[in-house]
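Down below is the structure, laid out as C-alpha cells.
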Amino acid sequence: MTWPMLFGVLSLMTFQLVDSAFIGQLGRDPLAALGFTLPMQQLIIGLQVGLGIATTAIISRTLGQGDQLRAERLGGLVVIVGAALVFVLCVGLWILQTWIMAALGAEQSLLPMIRSYWIPWLLSAWTGAMLYFGYSVCRSHGDTKLPGYMMVATSLANIVLDPLYIFVFGWGLPGAALATVTAFGIGCLFIYPKLLRCGWLRFDLRQLALRKSLRQLNGIMAPAMVSQLMPPAAAMLATALVAGFGSAAVAAWGLGTRLEFFSIVVVLALTMSMPPMVGRMLGAGELGQIRKLVRLAVRFVVVWQLAIGLIWLMASGLVSELFTSDREVSDVLASYLVRVPLSYSGLGVCMLMVSVCNALGMAMRALLVSTLRLFVCFLPFLWFGAQIGGINGLMTGALAGNLLAGAMAYAFYRQGIRQLAAQQATS
C-alpha cells in the first residue's frame, strides 16, 4: 500500500521543486513572494489532511463492519464538507491578505506581486484539496494505486505546463499557479467520475443519519485537523523570524521548506499507508503486531532520513546554485542544507507517531505531540538560535528542535500503547 503513495507523493514534491526552480529564474522578488505564501499553503493542506485522516478512519471501519452503503454516503459527505470548509478558508485568506502579509513582515515592494499571485494560488489550493478528498476516499477503500497514478499524471502535466504558462505566455509568477489549476482540474475531471462508477460516492445524504455522522466525523477530524494546522501556524511564526534577516533569507527559507517536503516523501507515504493497517490490527486486538510494525517503521525512518540528510549536506553547494541565480539567496540556502536536513530523522519519527496515534484512536495525544513539537521544541530553539548566531544560528536551532521532537513523540506513543495494553488486559 505504501509504494503507490510513495511514487505519487514523490511526483508531487518533484513538481513543486521544479515549480520553485522555474520561479527562481524570474529573480529574487517572485521567489520571496512564493515564500510568503507557503505558510498559507500549509494551512490549507493541514485542513484537508485532517479531514483525510477522518475519512480513512471512519470509512475503513464502516467497511470492516460490512456496511457498504453507509460507507458510500460517508464518502459523499466528506467531499461536500471538505469543499465547503476549504472554500471558506480560501475566501478568508483573500479578505485578510493585507493583514497577513503585514504580520509576516513582507516588504512593501513585494505586495503588488503577492496580490497578483494570490487569487490564482487560492484557486489552485481549492482545486488541489478537491483532488485530495477524492484520493482519501480511494485510500479508505484500500485502493492506493489510483491516487498514486493520478498524482504522477497531474505532476507531469504541471511540469509541462509551467514553462508554457510562466515564460511562453508571459504570465510570470501567476502562471505557475494557473498551471497547477489546469493540472489538478483535469485530475478532478478524471477521478470523480471514476469514484461514481466504482460506487464509492453517494450523495443521498438524507438516508445517512446526518447529525450522527457529522458528530462521528468531527470526533476524529477536529483533533486531527488542529494537529495538522499546528505546522502552518508555526511556519508563519518561523517566516516572521526569518523575515528579520531580509528577503534573501525568506527566499532561501522558502526553497529549503520545499526541499524538506521532498526529503520526507517516504515518511508522508508511510503516514498514508500505515493507519489502515494499524486500525485493522487494533480492531483485532493485536497490539503486539502494532508494536512490531511501528518499531520497524521507526528504525527505517531514522536510517533513511539520516541518509537523505547526508546527501543534502554533500550536495549543498551544487543544489543551492541550481535553484537560484541570486548569490545571497544561494549562500543562505547552502547554510540551510548543511544543518537542517540532518534533523529530518527526528521530524520523520514525530510525523509517524502523530499518524499512528490518530489510527489508534488517541487523537488528543496526537494533537499534544504536534503542539509540543512546534511550540516547545521547534520555535523556541529557532528563536534562541537566532539570538545567538543570526540566520545560521536559527537553522542550527531547527536542527536541535526537530531531533528533540522525535525523541519526545516516540516516548508519548510508547506511553499510549502501554495504556491501551492495560485497558485490553482488564476488559
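The values are calculated or read from the model by the stated rules, or taken from the named source; none is laboratory data. Keep in mind the model is a prediction, meaning the values are calculated, not measured. Here the Cβ is made from the backbone with ideal geometry for all residues, glycine too, and neighbour counts use every protein chain on show. Side chains are part of the model used for accessible areas, which takes the heavy atoms of the whole protein and leaves out ligands, DNA and RNA. Shrake-Rupley method; radii C 1.70, N 1.55, O 1.52, S 1.80 Å.
Straight-line reach from K145: taking Cα to Cα under 23 Å and skipping same-chain neighbours fewer than 8 places apart, the lysines in range are K194. Between S109 and K212, the distance separating the two model label sites (each 7 Å from Cα on the Cα→Cβ line) works out to 6.2 nm. Calculate the tail of P(r) for the range 162-222: the fraction of all Cα-Cα distances greater than 15 Å, expressed in %. In whole percent, the share of Cα-Cα pairs in the range 162-222 beyond 15 Å is 70.
For L96 and L156, the FRET efficiency from 1/(1 + (r/R0)^6), where r spans their Cβ atoms and R0 equals 22 Å, is about 0.05.
Oblate is the label for the range 191-238, because a/c, from the alpha-carbon gyration tensor with a ≥ b ≥ c as root eigenvalues, is 1.5 or above and a/b does not exceed b/c.
Calculate the all-directions average of the projected area of the range 115-202's alpha-carbon convex hull, and give it in nm².
5.7 nm²
Taking the Kirkwood radius as Rh and the Cα radius of gyration as Rg, the chain has a ratio of Rg/Rh equal to 0.96.
Length gained on full extension, M364 to L196: 57.1 nm, using 0.36 nm per residue less the C-alpha separation. Computed on the Cα atoms alone, the convex hull of the range 18-66 gives a volume of 63 cubic angstrom per residue. When Rg and Dmax are taken over the Cα atoms of the range 70-147, they come to 16.7, 53 Å. So, with a 1.4 angstrom probe, what is the percent of accessible area on the range 1-89 that is carbon and sulfur? After summing per-atom areas, the C and S share lands at 68 percent. Applying 1/(1 + (r/R0)^6) with R0 = 51 Å to the Cβ-Cβ distance of I119 and L310 gives a FRET efficiency near 0.80.
Projecting the Cα positions of Y132, S20, V340 onto the charge dipole of the chain (unit charges on Cβ atoms of Lys, Arg, Asp and Glu, taken about the Cα centre) puts Y132 furthest along the positive direction. Compared with the dominant principal axis of the Cα atoms in the chain, helix 287-314 is inclined by about 10°.
So, R0 is 41 Å and r is the distance between the beta-carbons of L322 and I80; what FRET efficiency does that work out to, to 0.05?
Numbers: r = 43 Å, r/R0 = 1.05.
Step by step, r from the Cβ atoms, then E = 0.45.
Distance from the Cα centroid of the range 23-40 to that of the range 220-281 is 18 Å (rounded to whole angstrom). Measuring with a 1.4 angstrom probe and ignoring ligands and nucleic acids, S263 comes out at about 0 Å² accessible.
Heavy atoms of the protein only, probe of 1.4 Å, neighbouring chains included. What is the accessible area of L38 in Å², nearest 10? Near enough 10 Å² of accessible area. Once the Cα atoms are used to define both axes, helix 344-359 deviates from the longest principal axis of the chain by about 30 degrees. Across the range 55-142, the relative contact order, built from alpha-carbon pairs under 8 Å that are at least six residues apart, equals 54 percent.
Against the main long axis of the alpha-carbon atoms of the chain, helix 379-426 sits at an angle near 10°. Remark: the range 136-152, residue by residue, has Karplus-estimated 3J(HN,Hα) of 4, 4, 4, 4, 5, 8, x, 9, 9, 5, 4, x, x, 5, 5, 4, 5 Hz, where x stands for each Gly or Pro and the curve is 6.51 cos²θ - 1.76 cosθ + 1.60 at θ = phi - 60°. Tell me, how many Å apart are the Cα centres for the range 120-156 and for the range 283-358? Comparing the Cα centres of the range 120-156 and the range 283-358, I get a distance of 23 Å. Entry comment: accessible area of the range 333-427 is 38 Å² per residue, from protein heavy atoms only and a probe of 1.4 Å.
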